[in-house]
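Have a look at the structure below, then the notes.
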Amino acid sequence: MRNGSNKLMKTAFIIHGALGHPNENWFPWLKLELEQLGFTVYVPAFPTSPETQTLENWLKVFEEYKKLIDEDTIVIGHSLGPIFLLTILEQISKPIHAAYFVAGYHPKSLPEDSKWYPQVKTFLEKPFDWQKIKQNCKGFHVYHSDNDPYFPLSLAEDLAKTLDVTPIVIPNAGHFNEKAGYTKFERLLADIVMSRT
């Protein structure tokens, strides 16, 4: 354990994606698993209607949580979640322990003619300070599938390359959601535990 601790007294944030919510997919399972390991886990609910799903509104929701972020924090994002977390990493003053990006994509790689682009454009059309993002996280992990129905693997490869990591490709995982059978994500949990020992 880090710092000689006998328990993993750490903080984790799980960030859902576009049109999502905290109680879908593998989020409740992971929250419980991490809590049993001694984590304090937050799974914020963000606005997801077409009118309210904006970066500005999501940042307003997250404002109350920012004070809880420190060097031992980990963040986990699904789909749009990683894009939002890139903005958070630009804003914090101390580097966090690790970020786990699942079914995400590079914010500048999503084509404007994608059916998703209008729903997430406010998250994508800002500048990104990649140097600061990388300075503010000690370790990035990028997970993607070879058959994601929404975002091809190449978009995640772009993100991983920008973050100077190798993407973790999991075959036939779809969008890592309930539709693809993902109510648990054992590999993600194992990687989180591994990074803490």
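Throughout, read-outs are computed from the coordinates displayed, never taken from laboratory work. Keep in mind the model is a prediction, meaning the values are calculated, not measured. No Cβ is skipped: glycine too gets one built from the backbone with ideal geometry, and neighbour counts run over all protein chains shown.
A compact table of results
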quantity: Equivalent-ellipsoid semi-axes of the stretch 14-114, from the Cα gyration tensor, Å, largest first; calculated: 22, 16, 14
quantity: Using alpha-carbon coordinates, inclination of helix 80-91 to the longest axis of the chain, degrees; calculated: 60 degrees
quantity: Share antiparallel - DSSP beta bridges, the chain, percent rounded to 5; calculated: 0 percent
quantity: Extreme residue, positive dipole direction of the chain, given options 177, 30, 68 (C-beta unit charges); calculated: 68
quantity: Rounded to whole Å, sorted largest first: equivalent-ellipsoid semi-axes of the stretch 60-126, Cα gyration tensor; calculated: 24, 13, 10
quantity: Set 115/138; 94/126; 67/184; 94/115; 67/134 screened for pairs whose C-alpha atoms are more than 31 Å apart; calculated: 115/138; 94/115
quantity: Size of the chain as Cα extents on the principal axes (Å, biggest first); calculated: 51, 35, 31
quantity: Per-residue [θ]222 nm for the chain (sum of -39500 (n - 2.57) over DSSP H runs n ≥ 4, rounded to 500); calculated: -9500 deg cm²/dmol
quantity: Whole-number percent relative contact order across the chain, with pairs defined as alpha carbons under 8 Å at least 6 apart; calculated: 22 percent
quantity: Computed over the stretch 35-149: relative contact order in percent, which uses C-alpha pairs under 8 Å that are six or more apart; calculated: 27 percent
